[in-house]
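Below is one structure; the comments refer to it alone.
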Amino acid sequence: MTRLNRFKRGKTETPGLDITTFLNLMVVLIPFLLISAVFSRVTIMELSVPTGSGGSGPSTPNFAIEVIVRAAGIEIANGATVEAAFPKVDDQYDIKMLSEMLMRLKAQYPEKEDATVLMEPEIEYDHLIQIMDVVRGTEIPVEGSEEVQRMVLFPDISIGDAP
């Protein structure tokens, strides 16, 4: 009888792979992933991080705009000297005053395209985004109209830690 069982086992075919449940999962999963991908949007902004090494050529003295965001307020500096400081108003950063000061600096240095935003470690990320938006550009109301005009200030932004 054992010999007979061996022959029967050898002649039975292996069952085929049933992929119906897998296909059902894909039918549900693929549309869900495609629908959710429409709502996600990734924006990439090219930034540069300031380095400690200097250039090899002779340096010409020019105005370096540094916006330093501290827990107490915002400072605008030229290297080591602080040009202006804006304390927090009602526990909020004075974005409007920063925008006005940056517009004055752009009027003095129209060829200047770069600025550095330096932040203390405890500052929230949302404040960094708000400050960077103001440094890149601002909106100016058009006289005699309710429209606003976008003014580009300093689009090349470098970020780093505040001293």
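The values are calculated or read from the model by the stated rules, or taken from the named source; none is laboratory data. What you are looking at is a predicted structure, and each value in this text was computed from that prediction instead of being measured. In this analysis, Cβ positions are derived from the backbone assuming ideal geometry, glycine residues included, and neighbour counts consider all displayed protein chains.
Things to note:
Here is a yes/no grid of residues against (1) touching a residue at least 60 places away in the same chain (Cβ under 8 Å); (2) surrounded by 16 or more Cβ atoms within 10 Å (Cβ to Cβ); (3) of a type outside the set (A, V, I, L, M); (4) under 24 Å from Thr81 (Cβ atoms):
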| position | (1), (2), (3), (4) |
| --- | --- |
| Glu113 | no, no, yes, yes |
| Asp126 | no, no, yes, no |
| Glu139 | no, no, yes, no |
| Val148 | no, no, no, no |
| Met151 | no, no, no, no |
| Gly160 | yes, yes, yes, yes |
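- Selection within the stretch 94-115 - small (Gly, Ala, Ser) and part of a helix (DSSP H, G or I): Ser99, Ala107
- In the stretch 79-93, of all residues being over 14 Å from Ile65 (Cβ atoms) and part of a strand (DSSP E or B), the one that is nearest to the chain's Cα centre (by Cα) corresponds to Gln92.
Matching residues to (1) at positive phi; (2) in contact with a helix residue (DSSP H, G or I) (Cβ under 7 Å, 6 or more places away or on another chain); (3) at pLDDT 90 or above:
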| position | (1), (2), (3) |
| --- | --- |
| Leu118 | no, no, yes |
| Asp133 | no, no, yes |
| Ile140 | no, no, no |
| Gly144 | yes, no, no |
| Val148 | no, no, no |
| Ser158 | no, no, no |
| Pro163 | no, no, no |
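- Per the listing Ser36, Ser40, the residue uniquely among the hydroxyl-bearing types (Ser, Thr, Tyr) and either touching a Pro at 6+ places or on another chain (Cβ under 6 Å) or modelled with pLDDT under 65 (or both) is Ser40.
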